[in-house]
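Notes for the one structure printed next.
The values are calculated or read from the model by the stated rules, or taken from the named source; none is laboratory data. Here the structure is a predicted model, which means the values were calculated and not measured. For neighbour counting, all protein chains shown are included, and Cβ atoms are generated from backbone atoms with ideal geometry for every residue, glycine included. Ligands, DNA and RNA are excluded from the accessible area calculation, which covers all protein heavy atoms including side chains. Shrake-Rupley method; radii C 1.70, N 1.55, O 1.52, S 1.80 Å.
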Amino acid sequence: MNIPVIDIDPFAKDVLENPYSYHEQKREAGPVFWLEKYKTFGMVRFAEVRAALLDHERFISGRGVGLADFAKEKPYRPPSLLLEADPPSHDQARAIMNGVVSPASLKALEPVWRERAEALVDRLVEQREFDAVRDFTEVFPMLVFPDAVGLMDEGREHLLTYAMAVFNAFGPRNEIFLKGEEDAGAAAGWVAEACRRTNLKRGGWGMAIFEAADNGACTQEEAERLVRSLLSAGVDTTVNGLATALFALTEFPDEWNKLQAQPRLARKALEESLRWDSTVQTFFRTTSRDVEVDGTNLPEGSKVLLFLAAANRDPRKWDQPDIFNIDRLTSGHVGFGAGIHQCLGQMVARLEGQLALTELAKRCKKIRATGPVVRRLNNTLHAIASLPVAVEPA
Ligand code: OVV
């Protein structure tokens, strides 16, 4: 095959720890390359990654967005009706969810979410020193999201473990995956229970999905699985997206100063942080037919690994891509994906991020790391386990 071959394992521990130093070789190799270890194609350049995301007819999701090809192996859990589906069924499921996780519902939640952000940040700033992840970014989403879904109170801590396992499962069955699987058994059982109608509270997004089912939008069984999507995709993503934003702001103190002077920049800071270090690093697609990319034929049924995070640092697209700059125009970044599968919860994530960063910026003059960032290795998420910080009150 006349195509660059890459021997680096994108799911090896040192690569997952710091993926960015490994992207350039792939980016310079060509618009599409062969990942020898997994016998799949890969793309890291912005133009090709974005084009593939937008081309959902040729780069399909229904055979899974992980390494496993659902046409050849049984999925480890019943496939997501959103993430691991193609039109027309995908679009029906998505329409239900768009009606539930709506701008109007977020507008109603915002005042309560702001109060919770204020109370949490007040307490942390009083402490002066805290762990930005364990005490803040793992706490705040858990103070708002499970209530918005209407989840049962008992056992919510399983959400974080469950989602880590789900995101590990998109990668190979390596040590990281197997370790996550060990932790996830009990969590998966809890999640299955939590998705049932009888366990959901009135007035939440979960019950709203069942009400759509009552009106004929889908079956009750499908409603349960759509609730599962909220629980899979809604917690660890925001926990780590927010953690990365705080990490970026400690690494680039001038950017913190800009935010501190103008807390309204919180939205831009979050968006730039998603570009600078995308929480969801990669997703696969599968070719539905022979596809030509820049003269290379990708045969039907090929898995293609799309490096969203690498595309968001492609110098062909971004000026000084490794620099975190909250004034940057980030529009077009693929941190939330692109096209029909583009993140359904992006408005939720933005609201959580905006509130958390705004309240912090209003109350702190400075924030600095007091110890090293500790990564939590995951096959898909660039995650942080710990980031000790000290703040100087405003
Ligand atoms: C985006 C995402 C990640 C993980 C799971 C799902 C979605 C789901 O729909 O279950």
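Exactly one residue out of ASP294, ASP327 is modelled with pLDDT under 95, more than 16 Å from the ligand (Cβ to nearest atom) and either over 16 Å from ASP236 (Cα atoms) or in contact with a helix residue (DSSP H, G or I) (Cβ under 9 Å, 6 or more places away or on another chain) (or both): that is ASP294.
Matching residues to (1) among the charged types (D, E, K, R); (2) closer than 25 Å to ALA213 by Cα; (3) out of contact with any strand residue (DSSP E or B) (no Cβ under 7 Å at 6 or more places or on another chain):
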| site | (1), (2), (3) |
| --- | --- |
| GLU36 | yes, no, no |
| GLY42 | no, no, no |
| PHE59 | no, no, no |
| ARG94 | yes, yes, yes |
| ALA104 | no, yes, yes |
| GLU126 | yes, no, yes |
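Pairs meeting the criteria (first residue in the range 324-352 and touching a residue at least 60 places away in the same chain (Cβ under 8 Å) and open to solvent by less than 40 Å² (accessible area, probe 1.4 Å), second residue assigned to a loop (DSSP other than H, G, I, E, B) and basic (Lys, Arg), beta carbons under 6 Å, at least 6 apart or on different chains) are lacking.
A search for C-beta distances below 6 Å between a residue of the range 225-236 that is in contact (Cβ under 8 Å) with a residue 12 or more places away in the chain and any residue that is within 8 Å of the ligand (Cβ to nearest atom) and open to solvent by less than 10 Å² (accessible area, probe 1.4 Å), counting only pairs 6+ apart in sequence or on different chains, returns SER229/SER80; SER232/ALA163; SER232/VAL166; VAL235/ALA163; ASP236/ALA163. Given the criteria part of a strand (DSSP E or B) and either on the phi > 0 side of the Ramachandran plot or surrounded by fewer than 24 Cβ atoms within 10 Å (Cβ to Cβ) (or both), does THR358 qualify? Considered against the rule, which asks whether it is part of a strand (DSSP E or B) and either on the phi > 0 side of the Ramachandran plot or surrounded by fewer than 24 Cβ atoms within 10 Å (Cβ to Cβ) (or both), THR358 comes out as no.
Rundown of residues vs (1) open to solvent by 40 Å² or more (accessible area, probe 1.4 Å); (2) among the aromatic types (Phe, Trp, Tyr); (3) within 29 Å of PRO10 (Cβ to Cβ), yes/no style:
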residue: PHE46; (1), (2), (3): no, yes, yes
residue: LEU54; (1), (2), (3): yes, no, yes
residue: ARG58; (1), (2), (3): yes, no, yes
residue: GLY99; (1), (2), (3): yes, no, no
residue: SER105; (1), (2), (3): no, no, no
residue: ALA108; (1), (2), (3): yes, no, no
residue: ALA117; (1), (2), (3): no, no, no
residue: ARG128; (1), (2), (3): yes, no, no
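Of all residues in the range 71-102, count the ones that are more than 10 Å from the ligand (Cβ to nearest atom) and assigned to a helix (DSSP H, G or I). The qualifying residues number 10. Determine if the range 63-80 includes at least one residue that is at pLDDT below 95 and open to solvent by 40 Å² or more (accessible area, probe 1.4 Å). Scanning the range 63-80, I find at least one residue that is at pLDDT below 95 and open to solvent by 40 Å² or more (accessible area, probe 1.4 Å), so the answer is yes.
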